């Protein structure tokens with residue numbers, strides 16, 4: 001229930017406006033106080049009277065209409081909000097907010113609020129995937145704006161693709177996560193590894209892989225939000241580290257990651273190994289750059305320590321170990337082998353050949369396999385959403 005919580009809904013102009021009527025109705029049934037602000041274009045799809053009837057509060061549209069109270073209206077609503085939800089969030093309103101443009105009641109109130117802002121984009125596929133729109137979304141994410149990603153399917157314009165307003169169940173879940181944050185990992189010690197490792201051949205060449213660290217960093221952020229003390233051990237990446245980490249160590253080679261993980265392993269309750277560690281390193285590292293005419297193409301390699309195997313083999317009774325596997329074929333079979341061999345409690349297997357999944361991507365498509373050999377397919381979701389799915393699965397397994 002959301003009793004005594006004030007939700008301000010900012011409705012911008014798009015065909016998905018009609019879905020927001022149900023969202024307002026459901027929020028009221030959860031005993032939330034709901035205030036609606038509409039852009040002028042939104043009123044072309046649904047009348048303010050509809051939202052007024054559903055929210056049981058006056059709906060604000062025009063900045064310059066006669067105020068209903070003596071308060072400065074956009075400031076009063078901004079102060080009331082426990083959360084500000086923009087649904088649907090069009091390319092236009094996302095762009096305005098990113099650039100600090102406040103030319104209507106919706107954008108003006110967002111600029112004035114200190115409440116968390118949750119945006120639910122909805123637009124044509126090509127608009128959503130436009131690099132400018134994606135850059136605007138990235139910019140806002142980096143400034144702590146939250147997003148509920150749109151869904152894929154047939155759009156009102158007839159196109160097929162991503163851009164449909166997220167299902168109201170997902171939007172409500174996101175609202176609840178922000179207003180009523182989960183604390184199911186409170187005081188749990190969680191160690192997460194992320195990113196690639198680099199194994200140097202000479203001062204300018206190394207063996208590595210395309211891991212961006214996005215999955216591990218998203219998991220770290222999700223665990224922090226749910227109350228965990230998170231230790232993050234990261235290979236070289238170009239993304240900002242999550243806020244609220246208990247401990248952070250940057251490493252480069254597999255051996256450095258191995259030593260850091262083993263040093264920090266004992267107090268951990270949960271270990272999540274997302275890092276893409278190089279399996280091999282050159283037997284010898286050249287002190288100087290090897291010139292082309294002197295390169296020996298038969299580079300001799302030796303094995304790196306298997307960090308996940310060592311953790312699984314030596315884990316304490318209370319410790320829960322999660323592994324990741326990047327595969328190109330026989331996904332379930334290969335994942336099951338790794339689960340058993342490395343004595344894991346849960347493995348997350350992703351097909352790196354799938355579109356919008358695996359290395360570098362902001363989304364992922366995975367299969368979860370637990371120690372009891374239960375299999376769960378997870379369709380394409382953002383790595384932030386997947387992080388909470390994985391944490392939910394850990395809770396479920398630990399409860400038996």
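The values are calculated or read from the model by the stated rules, or taken from the named source; none is laboratory data. What you see is a predicted model, and the numbers here were worked out from it, not measured in a lab. Here Cβ is always computed from backbone atoms with ideal geometry, including for glycine, and neighbour counts include all displayed protein chains.
Quick check on residue 274: is it in contact with a helix residue (DSSP H, G or I) (Cβ under 7 Å, 6 or more places away or on another chain), surrounded by 16 or more Cβ atoms within 10 Å (Cβ to Cβ) and either without any contact (Cβ under 8 Å) to a residue 24 or more places away in the chain or closer than 21 Å to residue 362 by Cα (or both)? Yes. A single member of 389, 375, 347 is buried (at least 20 other Cβ atoms within 10 Å of the Cβ) and in the same structural domain as residue 271 (by TED's automatic domain parsing), and it is 347. crowded, with 18+ Cβ neighbours inside 10 Å and in contact with a helix residue (DSSP H, G or I) (Cβ under 8 Å, 6 or more places away or on another chain), is that true of residue 150? Spelling it out, residue 150 is indeed crowded, with 18+ Cβ neighbours inside 10 Å and in contact with a helix residue (DSSP H, G or I) (Cβ under 8 Å, 6 or more places away or on another chain).
Against the numbered list (1) assigned to a loop (DSSP other than H, G, I, E, B); (2) more than 23 Å from residue 381 (Cα to Cα); (3) touching a helix residue (DSSP H, G or I) at 6+ places or on another chain (Cβ under 9 Å), residue 186 comes up short only at (3).
Checking each residue in the stretch 226-241 for being surrounded by fewer than 21 Cβ atoms within 10 Å (Cβ to Cβ) and either outside any loop (DSSP other than H, G, I, E, B) or without any contact (Cβ under 8 Å) to a residue 60 or more places away in the chain (or both) picks out 227, 229, 236, 237, 238, 239, 241.
Scanning the stretch 1-24 for residues that are more than 22 Å from residue 62 (Cβ to Cβ), loosely packed, with under 15 Cβ neighbours inside 10 Å and either under 25 Å from the mean Cα position of the chain (by Cα) or at pLDDT 95 or above (or both) yields 1, 22.
Strands (runs of 3 or more DSSP E) fully within the stretch 115-182 that include at least 3 residues being over 19 Å from residue 12 (Cα atoms): 151-154.
Out of 101, 97, which single residue is touching a helix residue (DSSP H, G or I) at 6+ places or on another chain (Cβ under 7 Å), within 18 Å of residue 10 (Cα to Cα) and in a helix (DSSP H, G or I)? Explain how you work it out, then say what you get.
Values: 101 fails: in a helix (DSSP H, G or I).
Matching residue, one of 101, 97: 97.
Against the conditions (1) at pLDDT 95 or above; (2) within 30 Å of residue 374 (Cα to Cα); (3) within 26 Å of the chain's Cα centre (by Cα), residue 267 satisfies every one except (3). For the residues 266, 211, the requirement of being at negative phi and crowded, with 19+ Cβ neighbours inside 10 Å singles out 211.
Quick check on residue 380: is it surrounded by 19 or more Cβ atoms within 10 Å (Cβ to Cβ), in the same structural domain as residue 236 (by TED's automatic domain parsing) and either in a helix (DSSP H, G or I) or without any contact (Cβ under 8 Å) to a residue 12 or more places away in the chain (or both)?
no
Count, please, the residues in the stretch 262-298 that happen to be in contact with a strand residue (DSSP E or B) (Cβ under 6 Å, 6 or more places away or on another chain) and under 21 Å from residue 235 (Cβ atoms). Working first, answer last.
At the first step, the residues of the stretch 262-298 found to be in contact with a strand residue (DSSP E or B) (Cβ under 6 Å, 6 or more places away or on another chain) are 264, 267-276, 278, 280-283, 285-286, 289-290.
Retained after the next criterion (residues that are under 21 Å from residue 235 (Cβ atoms)): 264, 268, 270-276, 278, 280-282, 285.
Residues meeting the conditions: 14.
Among the residues of the stretch 25-51, the one identified as within 16 Å of residue 92 (Cβ to Cβ), loosely packed, with under 15 Cβ neighbours inside 10 Å and without any contact (Cβ under 8 Å) to a residue 40 or more places away in the chain is 44.
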